[in-house]
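Note sheet for the following structure.
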Amino acid sequence: MILDWWLSPELQLRRPGAYYPEWRLDRLLKRKAEEGVRIYIQVYKEVSIGNEDIASMPLATAVSFPPRASPLTPRAQVTASMSLGSKHTKHALEDLHENIAVMRHPDHSGGELVYYFSHHEKLCVVDNKMAAMGGLDACFGRWDTRDHPLADVHPTEFQKALFPGQDYNNSRIMDFQNVEKYASNELCIQEATRMPWHDTSLTIVGPVVVDLVQHFCERWNFVKDLKYKHDHRMEYLSLPDPWHDVHSEQEAAKKEKQALFRAEHPHLSEWKDRGRRMTHPYHWPPSEEPRAQEPVACGSCRVQVVRSAADWSHGCLTENSIQQAYIELIREANHCIYIENQFSDPAVVTTTKEGGPIKNLIGAALVERVLSAAKDRRKFKIYVLIPEVPAFPGDIQASSGLKAIMEAQYRSINRGGNSIFDKIREAGHDPNEYISFWNLRSYDRINAPQGAIKKMEAASGVSFHEAQVALARLYVGEPGGDSADEDEVVYIEKPHDQTTAGDATNQKKKTAEDSVKLPRTIGDAQEIIDKFTQAAVRDDSDIPDNICQNAMESGQSSADAPWAGTEEEERNCIVTELLYIHSKLMIVDDRRVIVGSANLNDRSQNGHHDSEIAVIIEDTEMVESTMNGRKYMASKVATSWRRSLMREHLGLSIPQGPIGRNNQPTNWMRAAPVLAEYDYGSPDDLLVADPLTQDFTRLWNETAHTNRVIFDRIFRTVPNDTVRNWKSYQEFIGRNAGVKVGHVMNNDMSLAEIKRELAKIKGHVVDMPINFLIDEKWLTEGDFLSVNPITLALYI
């Protein structure tokens, strides 16, 4: 059972894909379907309309919008332009085997007319026994390691590519395009960075999985009734029974229970009569008989499912238990709150005045908790990590959508009169003593010295793009079956003179594409790759394809990283990009966790907008720790998760490259009940064990500040705290004219100096520039001005 906002059938699960072609998602699902496994998938059906379609809408819908106002929300606008390809997902998977059924919902015509909101859950349940859920979609652009590479060029070892075709993407430069053409790529990997991705999810076994199955079955049957009532492939699903209920109940007992079932769930009896019956391995009755299922591991965690659901999304009364859980956890916090959230949709944690546009009360709960700690003079810290900029293409000043999202975010944090900082200051306290906001950023070097590559092309008679398309054949597979036709043409972007004024934009200049026919077979493709790579002018095994790992504990320094080309070529290949935070996670007091698909905004939290799923975890297995220097018992799951994340952000983790050709997955890659290992008591662990000590605070703050200063100096990144209004914004980015997005902007620094400065970067955490555009009145005074007030509620 799979629920997803976006699912890419061609997603490579284990990488490099050339080493593990069998672990592509569609091929894995096909194998399981052929083994007799029934596979049920429901994906969000994206909106695909624009302003010109308003006139054709029913009157009741059209009159809700003023002239020229788009009826699309930010997420809807993104899904329309980036083409999630849900139609491709449905047909590509259903064509593999009759045991695979894929629903798309909601519809955007007829009786539903759901234009604004989406199904946003990310959930996979296997055999009603184990589940994976969280913030990570099974789609292009998400797979990453904690090194977060920005580049994927391997001139002499093409098979090491980690991000084939569409998976090499940067949404700040360009949205996904034509995702059904999954082997093509409209970003030039020789000069454009990918956007690295940071996310959090988990796997679960235990009785709580039955609740997740219930959520799936309710959604499935609801959509079945709405649009697939006469489609026999989409069968009704009964809620799962304990094994003995299916196999050993007597007729009299069944009738007696049915009356009770009707009282417990309005559709339970009906679904039992009409739907496919399934078992689950929990709630066993006392018995001496051998079980049909293997024993289920017993864990130490108490887990509760919460969700956002409503009539349009789930056929139920509005439920906003995710928001209620966040508020309760915040109010009950005693020491420390750690938050990672995408925050991009947009107006996240905020207080609100009576009648204001923002309705969720999570920001108010944060303010309330801070003021309570200040009143009691107790040490209390809140760490909030969010992306620098929403992952939409376009210049910040030119894009109304970007401005609307950033306006709501900044008004949530520190301006406008009703922000978190404003409310704390109003009560006479310094907000910086209690709550802080942070971003993540990465750097790398693209291993694409043009001189060496041109020599290889001349010597081999094979262009770099032909070799790149040959690699795509390894990714696509042999013609026929689940792969592309042998006459498929792959489009690859050529290097060009794309320049910018320092801010990402989708207005590209002098763009050109190579259209290259796929080699007929994998054998032909391998021959082309070998011909190109063997033409290398020198053995480059000593040249690292990436240097991003040096921000971690690699034992190497970017200052000393060797290079096969000229100094000018190396300078042109040093790049940076924001590290996009997509997590939806909060850890409280190192004891409780809430994690799932919900952003901290009205869309996710209010219940009747986007549909969401999350779990609250309380681990009863405790470990000895400290809090503010005093002995403290922390829960194992919560404290190890927070420590692991903070160590990654501080560069206190070893690099996590892809597994090699013959390497086996580690315990960190395996699903529950396999336990992930954590090195309690190690020197690096002790640095992050207590989030309230002065030593930790100093380490975190100084690392983030040093990293930010270096990135700003070399790359002149935007947003920037020195840019306080639109005039200074234009002046700031104007000095970067003529330089490609994400490349070195400071012409006064030598290559050696640049590499020495990069070597000082530790991890990825950076200060958030919370004073960006703070002198602009539209960000600080009056009503929200970025978009029409009628459509504002749809943005937040």
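The values are calculated or read from the model by the stated rules, or taken from the named source; none is laboratory data. Since the structure is predicted, the reported quantities are computational estimates derived from the model, not experimental observations. As a convention, Cβ positions derive from the backbone with ideal geometry for all residues, glycine included, and neighbour counts pool all protein chains shown.
Quick grid of which residues meet (1) modelled with pLDDT of 90 or more; (2) under 29 Å from the mean Cα position of the chain (by Cα):
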{"site": "434", "(1), (2)": "yes, yes"}
{"site": "441", "(1), (2)": "yes, yes"}
{"site": "460", "(1), (2)": "yes, no"}
{"site": "467", "(1), (2)": "yes, no"}
{"site": "475", "(1), (2)": "no, yes"}
{"site": "482", "(1), (2)": "no, yes"}
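When the criteria are applied in full, residue 602 meets the requirement of being in the same structural domain as residue 412 (by TED's automatic domain parsing), surrounded by 16 or more Cβ atoms within 10 Å (Cβ to Cβ) and of a type in the set (Asp, Glu).
Among 545, 539, 560, which is within 30 Å of residue 739 (Cβ to Cβ) and either surrounded by fewer than 21 Cβ atoms within 10 Å (Cβ to Cβ) or of a type in the set (Phe, Trp, Tyr) (or both)?
So the residue among 545, 539, 560 that is within 30 Å of residue 739 (Cβ to Cβ) and either surrounded by fewer than 21 Cβ atoms within 10 Å (Cβ to Cβ) or of a type in the set (Phe, Trp, Tyr) (or both) is 560.
From the set of residues in the stretch 396-431 that are touching a Phe, Trp or Tyr at 6+ places or on another chain (Cβ under 8 Å) and without any contact (Cβ under 8 Å) to a residue 60 or more places away in the chain, which is farthest from residue 711 (Cα to Cα)? Once the filter is applied, the top-ranked residue is 424.
Per-residue answers, yes or no, for (1) under 20 Å from the mean Cα position of the chain (by Cα); (2) of a type in the set (Val, Ile, Thr); (3) closer than 24 Å to residue 447 by Cα; (4) assigned to a loop (DSSP other than H, G, I, E, B):
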{"site": "117", "(1), (2), (3), (4)": "yes, no, no, yes"}
{"site": "132", "(1), (2), (3), (4)": "yes, no, no, no"}
{"site": "141", "(1), (2), (3), (4)": "yes, no, yes, yes"}
{"site": "144", "(1), (2), (3), (4)": "yes, no, yes, yes"}
{"site": "148", "(1), (2), (3), (4)": "yes, no, yes, yes"}
{"site": "156", "(1), (2), (3), (4)": "no, yes, yes, yes"}
{"site": "177", "(1), (2), (3), (4)": "yes, no, no, yes"}
{"site": "218", "(1), (2), (3), (4)": "no, no, no, no"}
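So which of 589, 610, 545 is over 30 Å from residue 207 (Cβ atoms) and either in contact (Cβ under 8 Å) with a residue 12 or more places away in the chain or not hydroxyl-bearing (Ser, Thr, Tyr) (or both)? Walk me through how you get there before you give the answer.
Details: 589 fails: over 30 Å from residue 207 (Cβ atoms); 610 fails: over 30 Å from residue 207 (Cβ atoms).
Being over 30 Å from residue 207 (Cβ atoms) and either in contact (Cβ under 8 Å) with a residue 12 or more places away in the chain or not hydroxyl-bearing (Ser, Thr, Tyr) (or both) holds for just one of 589, 610, 545, which is 545.
Taking the criterion of being in contact with a helix residue (DSSP H, G or I) (Cβ under 8 Å, 6 or more places away or on another chain), surrounded by fewer than 19 Cβ atoms within 10 Å (Cβ to Cβ), not assigned by TED's automatic domain parsing to the domain that holds residue 663 and not polar (S, T, N, Q), would at least one residue in the stretch 1-11 satisfy it? Checked the stretch 1-11: no residue is in contact with a helix residue (DSSP H, G or I) (Cβ under 8 Å, 6 or more places away or on another chain), surrounded by fewer than 19 Cβ atoms within 10 Å (Cβ to Cβ), not assigned by TED's automatic domain parsing to the domain that holds residue 663 and not polar (S, T, N, Q).
For the stretch 656-672, the criterion of a residue being over 30 Å from residue 126 (Cβ atoms), of a type in the set (Ser, Thr, Tyr) and in the same structural domain as residue 771 (by TED's automatic domain parsing) is satisfied by no position. The residues of the stretch 357-416 that are in a loop (DSSP other than H, G, I, E, B) and under 21 Å from residue 583 (Cβ atoms), listed by number, are 360, 386, 387, 388, 389, 390, 391, 392.
Does residue 52 meet the test of being at pLDDT below 95, of a type in the set (Asp, Glu) and touching a helix residue (DSSP H, G or I) at 6+ places or on another chain (Cβ under 6 Å)? Judged against the criteria, residue 52 is not a match. Of all residues in the stretch 211-236, those that are in the same structural domain as residue 129 (by TED's automatic domain parsing) have Cβ atoms under 7 Å from Cβ atoms of residues that are among the hydroxyl-bearing types (Ser, Thr, Tyr), 6 or more apart or on another chain, in 220/40; 221/236; 224/236; 234/228. Across the stretch 757-778, the qualifying residues are those that are among the basic types (Lys, Arg) and part of a loop (DSSP other than H, G, I, E, B), and the one among them that is farthest from residue 408 (Cα to Cα) is 760.
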